[in-house]
Structures are given as structure tokens and as C-alpha cells.
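Just below is one structure, and these are the notes that go with it.
The values are calculated or read from the model by the stated rules, or taken from the named source; none is laboratory data. Here the structure is a predicted model, which is why all the values come from computation and not from measurement. Note: ideal-geometry Cβ built from the backbone for every residue, glycine included; neighbour counts use all protein chains shown.
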Amino acid sequence: MLLCIRMELLSRLKSLSRRDWLVAGDFNEILSDSEKSGGRRRPLWQIRRFREALASTDLHDLGYEGMSFTWCNQHPEPDTIYERLDRACADPSWRARFPNAAVRHIPVTSSDHDALLIELVNTPRFPRPKRRPFRFEAIANKIEENRIRGELEHLLAREEVFWKQRGKIHWLREGDRNTSFFHNHASIRRRTNSIHRIQNAEGRWLHEDAEIQEHIEAYFGEIFRSRNPSENDLEKGTEAISVRISEDMLLELSKPYTAEEVSLALSQMAPLKSPGPDGMPPFFFQKFWHVVRDDVISNSLQLLNNLILPFGLNHTHIALIPKCKKPTNLSQFRPISLCNVAYKIASKTIANRLKPILDAIISPCQAAFVPGRLITDNVLLAFEVNHYLNTKKWGKKGHMAVKLDISKAYDKVEWKFLEKVLVRLGFPSKLIALIMLCISSVSYSFMLCGSQFGSIVPQRGLRQGDPLSPYLFLLCTEAFSSLLQREEHSGRLQGVAVCRHAPRVSHLLFADDTLIFCQATVEAASSILDVLGTFGRASGQEINFAKSSVVYSSNTNHTIRAEVQDVLQIRADGRHDLYLGLPTVVGKSRRAVFQSIRDRVWQRISGWNERNLSQAGKEILIKAVAQAIPTCAMGCFRLPASLIKEIQSMIANFWWHSGDTKKIHWLSWHKLCKRKLHGGMGFRDLQAFNLAMLAKQLWRIISNPDRLLSRVL
């Protein structure tokens with residue numbers, strides 16, 4: 001009843017004025033389950049109605065800084081309940097007028113609610129740099145192509161491409177001239193990636209740009225500093241690796257690189273990816289390939305075949321991208337490397353040489369970046385093993401699943417360790433020298449709010465943004481897999497078999513996401529610690545034990561659990577809720593398990609302003625983003641029909657809603673899912689798509705009987 005009154009009040013307030021508006025205060029409602037801790041779960045219909053109330057009045061949550069919750073019931077544990085009931089919401093016009101507005105949660109001792117401090121900052125926290133680094137704009141090409149067209153069309157095209165590049169919109173069709181969408185998207189992206197303040201290791205907040213820049217340089221300088229593993233540590237960390245490179249592979253990898261391979265590498269790059277220090281995105285090279293072709297190919301082949309690296313080619317900008325919504329310290333940022341495209345062409349050429357042999361040399365437990373393997377392989381394997389643990393209630397021997405969190409995995413890879421791994425695997429010496437030249441000749445500077453600062457020469461680490469890095473990291477994880485397999489062969493570690501004739505699964509890897517399955521014994525726990533220690537000392541990898549967890553099978557004795565806990569020093573969970581973003585256990589309420597998918601779709605749709613998009617723009621957003629979100633889950637699980645219906649309802653509301661007009665659905669969703677040739681829009685029928693994805697997965701399992709997933713199932 002109260003929610004209906006609030007919805008009516010918001011509608012009346014909106015009708016009073018057409019001007020920009022902001023609503024702030026105690027809404028007494030939450031927008032998602034993550035905004036509540038403790039107590040009974042808020043009914044889904046209530047959350048949905050509140051979302052609809054904000055959407056109908058074109059209000060969007062402004063986010064917050066500070067504590068996650070604004071209200072507490074003041075009861076002692078375990079009856080304490082926290083909720084985010086207070087918030088500030090504004091329409092797109094208000095947000096465009098105050099793009100740097102910030103909402104802070106201020107604790108108030110005399111109230112059970114926190115106060116909201118809304119700061120209306122009209123200027124960026126960091127001043128606009130006097131001299132921005134040069135960047136080639138895709139707009140320059142539009143000027144040439146559209147010169148003979150009318151002035152209006154010319155300006156519209158320039159404006160569209162400008163904001164398209166600024167907003168990183170790679171999927172929208174040519175011709176959507178409504179630049180408000182691009183402008184808003186670019187503004188949000190710029191605001192999200194800005195750092196206005198940061199907390200140092202002592203817990204002190206840094207506000208001045210000079211302090212923040214100094215802290216960034218010191219923090220990453222320490223991360224990229226080598227720990228200089230001893231020769232003995234390197235030997236122990238890689239001694240379990242066997243030679244995997246065959247004679248045929250050796251011949252293929254040793255062949256001279258060709259101009260065709262270089263051209264192919266460039267054509268595979270996304271045109272509007274962020275440029276490196278030279279300011280040139282791939283678009284420039286692709287568009288003017290007839291001009292720069294000879295020089296680029298000559299320089300690339302000099303590097304690839306003769307190991308001659310032009311000075312400055314491997315200098316790299318680092319952009320700090322937040323891992324979470326409101327990062328407070330630098331560990332919550334991901335350092336993304338912006339390499340020169342001229343270097344990335346050579347790097348991608350090497351990667352293209354490596355990809356065809358990865359399936360033969362990488363352990364079947366690793367599913368990332370290997371052609372022919374999918375993320376769904378590991379999701380289904382993890383689900384089967386965790387289901388076995390959850391239902392195993394009898395037997396003397398208990399089992400456990402250990403989920404490991406590796407801290408800054410790419411950034412801490414020791415170069416000596418990587419070189420040792422490449423030698424052990426049997427790679428040709430010239431290719432090893434080329435790879436080591438590519439990763440060890442790096443220098444860094446940082447980009448913050450458009451300004452360049454700092455200079456670091458790293459001693460270790462793989463760049464996130466270098467096309468070669470994912471494949472090199474896979475090769476490094478082979479040392480870890482080999483050590484675990486050696487422990488398994490020795491009998492100290494025994495994997496889990498989900499049924500009598502199934503193969504034992506001891507571990508699953510997806511890049512640095514790690515799950516270990518074994519018997520719940522002190523010996524197994526000690527074996528895992530020994531492997532982690534040996535691998536860590538050699539590779540530089542560090543396990544974050546605070547974020548790692550262990551789950552036991554139902555029949556595991558509590559005394560044994562306590563003994564294992566003493567050895568591992570990892571917290572015990574009732575179950576691992578998610579692995580690679582999907583559930584490891586599905587209980588009676590499938591709808592509750594998969595509600596995160598619905599929430600992700602809603603968060604995407606609620607962030608789009610319908611008034612700034614044409615119907616063509618909406619169509620691409622729906623097809624490329626909203627309907628793509630459930631794809632991975634639909635390849636593994638059959639989603640509840642009610643959940644699919646709700647997702648399709650949200651998408652339909654977005655499709656038909658236009659500014660202040662009512663959401664009249666002129667055609668049923670079933671008709672919109674028909675092909676355009678038959679009068680529809682070609683949208684997916686998610687129910688049918690779910691069944692099709694499951695059928696495809698089944699066919700893949702049947703067609704590849706030698707895959708680990710097929711043998712386990």
C-alpha cells in the first residue's frame with residue numbers, strides 16, 4: 001500500500017514541472033538483494049515495483065560513497081539488519097547538468113539512518129590538462145568522406161563518431177545521430193574511471209592530485225618489483241613440467257614470420273580500441289593501410305624475425321579501471337595497459353602462432369583462451385563436483401573443494417619463471433628470446449583524467465592489454481597444474497570422482513580462477529600448501545587466503561574439518577555460491593539462484609535513457625547487450641520460465657517506452673520475436689533460445705567424447 005502511495009507521489013511530482021529534478025531521502029525500499037544484509041529477504045515483487053516506480057518517472061540512482069548501508073535496526077548480532085533505504089535519484093537532464101555530483105553517506109550517531117550529503121561539483125576534481133597526449137580521432141576520416149555532403153549531415157557524422165569513440169560504443173549501427181546517448185555514455189565512463197580521492201596503506205585519504213599520483217607510482221612500482229626467485233626455487237617450481245612441443249610444432253613455430261601474418265593480425269583488431277602513447281588506434285592503420293603498410297610490415301618483421309625492437313615502441317600507458325563500483329584503494333583497480341598498436345600487431349602475430357598448439361600442450365583442466373574449450377566446460381564440471389559434495393551424506397571419507405583467490409596474478413609473474421617454463425615445455429630458443437624481448441623491454445607511465453605522469457621500468461609482470469599476455473599466463477599455470485598432478489600421482493592428493501567409472505577431477509582452472517577438489521584430510525591440506533608455496537616462490541604468485549574459501553562434503557567429520565582448517569587457514573563456507581559468475585549448487589528455488597541474471601539485465605536497462613536513443617539504437621542494445629547477458633547461463637542450465645518471462649517483460653518495456661509517454665505495447669513479444677521478413681524485429685525468444693543452447697551443449701558433449709567434461713558426465 002505504502003509503495004503504491006510513493007509511486008503515485010513520484011508521478012505527481014514529475015507532472016508538476018518539466019525542469020530537471022532530483023529526489024533524495026528515505027525511500028524505505030531497496031533496488032536489489034545486495035542492498036540488504038541480515039533478516040528476511042525482501043519480496044521480489046516489492047523490489048520490482050520500486051524499480052518500476054523509478055523507471056516510470058525517469059529517475060536513476062546516483063550511487064554513493066562511504067558505507068554500503070544507510071539504516072540499521074540497532075539490534076545486537078545475529079539479529080542486526082542493515083539496509084540501504086536512503087538514496088538520491090535524478091533524471092538524465094539533472095545528471096547532465098551536474099555530471100560530477102557525488103552522494104556521500106554520513107553516519108549520524110543520534111539516528112538509525114545515515115545522512116545524505118549531495119555535492120554539486122560543476123568542475124572536475126582534476127583540472128583539465130593543459131596539453132593532452134596526441135590521439136588520432138576517427139572523426140578525421142569522416143571529414144574526408146563526407147566533404148561533398150550537406151553541412152548538417154557533415155556535422156552530425158563528425159559528432160556521432162567523436163562521441164562513439166569517446167564512449168567506447170563499438171556495437172551501434174552507423175546512422176544513429178542522437179548524440180545525447182554517446183555524450184551521456186562517454187560522461188558516465190569518464191566519471192567512473194576518474195579517481196577523486198584514494199586511501200593509502202595507512203588508511204589516510206588522499207585528495208590532492210600530486211599526492212594521488214605519487215601514491216599510484218609508488219604502489220605499482222612495488223608490485224612490478226621482482227622478488228628475484230633463486231635458481232633452486234625456479235627449478236623446484238618447474239621440475240614437474242614435461243616437454244610438450246612435438247617435432248611438427250617445433251618446425252611450425254620456427255618458421256620465419258611473413259607479411260601475410262602481420263596483415264592478418266591487424267585485421268583482427270577492434271578499430272576503436274584505446275590507443276597507446278603514439279595516439280593511433282587500430283582504425284588509423286586499417287583505414288590508411290595502403291599508406292603505412294610497407295613501414296609497418298618492415299618494422300614488425302624486423303622485430304619478429306631479427307629481434308630488433310625500435311626505441312620507444314614498447315612504452316606503455318597504464319589506465320586504472322575500477323573493479324567495483326566505489327573503489328577506495330588501489331588494490332580495487334585493474335591496471336590496463338595501452339600499448340602502441342605497432343607493437344600489438346607484432347604481439348598478436350606471435351599469439352596467432354601459439355593458439356593452434358595450445359590444446360595439445362595445455363592441461364584439460366584449464367578452459368581459458370584455448371581454442372575449442374569454453375567457459376561452460378568448467379562451469380558444468382564445477383557444478384557436477386559440488387553437487388556430489390552437497391549430496392554425499394554417507395561414507396567414512398569426506399571431500400572438500402578449495403577455491404583460491406590469486407592476488408594481482410598477471411602483474412606478479414616473474415620473468416625468469418616464465419622463461420624457465422618455456423624451456424621446460426620445449427619451445428624453440430629463438431621464440432623464447434623473442435617473447436622475453438617483448439615482455440622485458442617495457443616501460444610504463446600512467447594516465448589519469450587525461451594527464452600522463454610517472455615513469456616505471458618493471459622487473460616482472462604481464463601486461464593486461466597485450467594480446468600475448470593471456471597465452472603466456474596459461475603457460476605459467478601449467479607449472480601449477482603439473483605440481484598438482486604430481487601430488488595426485490604420488491597419492492598425497494586424490495581428486496573427486498562423481499560416480500564409479502568417472503575420472504577423478506583434482507582441479508579446475510580458468511586463467512587465475514582456481515578450484516581444487518580432494519579428500520578432506522590433513523595430508524591433502526598439507527600437500528596443497530606445499531604446492532602453493534613451491535609455485536608461489538618460483539612464479540611470484542600470492543594467494544589471498546582471506547578471500548579464499550573451502551567447502552566440505554556433507555559427510556565430512558567436524559573434527560577433521562577443524563584439523564584441515566588449522567592447516568589451510570582458509571575460511572569454511574556452506575557452499576561456493578558462484579564460480580565464474582554462475583551457481584555451483586542449485587537448490588529447490590531455482591528462481592532465487594538465478595535472480596542475479598535478472599538483476600544484471602535490469603541494471604543495464606535502467607542505465608539507458610530511452611529518450612536519447614532511436615528505435616534502431618534500442619534494437620541493437622537489446623540484441624547485443626540485454627539479450628546476451630543470459631547466454632552463458634542458458635548454455636548450462638534451464639532457467640525458470642517465470643524468470644525468463646520477467647526478463648522479456650523488462651526488455652519489452654524498454655522497447656516501447658519513449659520519454660514521458662505510457663508504455664503501450666503495440667505488438668506482443670511473440671510477434672516481435674519473428675524475423676523482420678515476417679513482420680517482427682528478430683528479437684530472441686529466450687525460452688526457445690535456452691532450449692537451443694542446451695541442445696547445442698549436449699551435441700558438443702556427444703561429439704567430443706575425449707573432453708574432460710564428456711568423460712565426467
Subset of region 541-593, residues closer than 30 Å to PRO43 by Cβ and assigned to a strand (DSSP E or B), comes to SER549, VAL551, LEU578, TYR579, LEU582, PRO583
Within region 49-84, of all residues that are among the aromatic types (Phe, Trp, Tyr) and either touching a strand residue (DSSP E or B) at 6+ places or on another chain (Cβ under 7 Å) or part of a loop (DSSP other than H, G, I, E, B) (or both), the one surrounded by the most Cβ atoms within 10 Å (Cβ to Cβ) is TYR64
Quiz item: Would it be correct to say that GLU260 is within 27 Å of GLU478 (Cα to Cα) and either surrounded by fewer than 17 Cβ atoms within 10 Å (Cβ to Cβ) or touching an Asp or Glu at 6+ places or on another chain (Cβ under 7 Å) (or both)?
Solution: no
Of those in region 305-327 that are over 21 Å from the mean Cα position of the chain (by Cα) and in a loop (DSSP other than H, G, I, E, B), the residue surrounded by the most Cβ atoms within 10 Å (Cβ to Cβ) is ASN314
Inside region 193-247, the number of residues satisfying the requirement of being of a type in the set (Gly, Ala, Ser) and at pLDDT 90 or above is 8
Of (1) surrounded by fewer than 17 Cβ atoms within 10 Å (Cβ to Cβ); (2) out of contact with any Lys or Arg (no Cβ under 6 Å at 6 or more places or on another chain); (3) of a type in the set (S, T, N, Q); (4) in contact (Cβ under 8 Å) with a residue 60 or more places away in the chain, ASN653 satisfies every one except (2)
When restricted to LEU475, LEU462, the only residue in a helix (DSSP H, G or I) and within 27 Å of the chain's Cα centre (by Cα) is LEU475
Is one or more of the residues making up region 285-299 hydrophobic (A, V, I, L, M, F, W, C), within 27 Å of the chain's Cα centre (by Cα) and either in a helix (DSSP H, G or I) or surrounded by fewer than 18 Cβ atoms within 10 Å (Cβ to Cβ) (or both)? no
Listed by range, helices (runs of 4 or more DSSP H) wholly within region 632-713 having at least 2 residues that are out of contact with any Leu (no Cβ under 9 Å at 6 or more places or on another chain) and over 30 Å from ALA53 (Cα atoms) are 686-703, 708-712
Within region 85-113, of all residues that are of a type outside the set (A, V, I, L, M, F, W, C), under 27 Å from the mean Cα position of the chain (by Cα) and assigned to a loop (DSSP other than H, G, I, E, B), the one farthest from ARG19 (Cα to Cα) is ASN100
Is it true that some residue in region 6-19 is over 29 Å from the mean Cα position of the chain (by Cα), of a type in the set (A, V, I, L, M, F, W, C) and closer than 29 Å to ARG591 by Cβ? yes
ask   = Just a yes or no: is a residue in region 380-397 in a loop (DSSP other than H, G, I, E, B), surrounded by 17 or more Cβ atoms within 10 Å (Cβ to Cβ) and aliphatic (A, V, I, L, M)?
value = no
The residue that is nearest to the chain's Cα centre (by Cα), considering only those in region 507-540 that are among the charged types (D, E, K, R) and part of a helix (DSSP H, G or I), is ARG537
query = Do we have ARG486 as part of a loop (DSSP other than H, G, I, E, B) and either in contact with a Pro (Cβ under 6 Å, 6 or more places away or on another chain) or surrounded by fewer than 19 Cβ atoms within 10 Å (Cβ to Cβ) (or both) here?
reply = no
Counting only residues in region 622-632 that are buried (at least 21 other Cβ atoms within 10 Å of the Cβ) and in contact (Cβ under 8 Å) with a residue 40 or more places away in the chain, the one nearest to ARG591 (Cα to Cα) is identified as PRO630
Taking region 450-505 and keeping only residues that are hydroxyl-bearing (Ser, Thr, Tyr) and touching a Ser or Thr at 6+ places or on another chain (Cβ under 9 Å), one is left with SER455, SER469, THR477, SER481, SER482, SER490
Given (1) exposed (fewer than 13 other Cβ atoms within 10 Å of the Cβ); (2) closer than 30 Å to ARG373 by Cβ, HIS670 misses just (2)
The residue that is farthest from the chain's Cα centre (by Cα), considering only those in region 489-506 that are polar (S, T, N, Q) and surrounded by 17 or more Cβ atoms within 10 Å (Cβ to Cβ), is GLN494
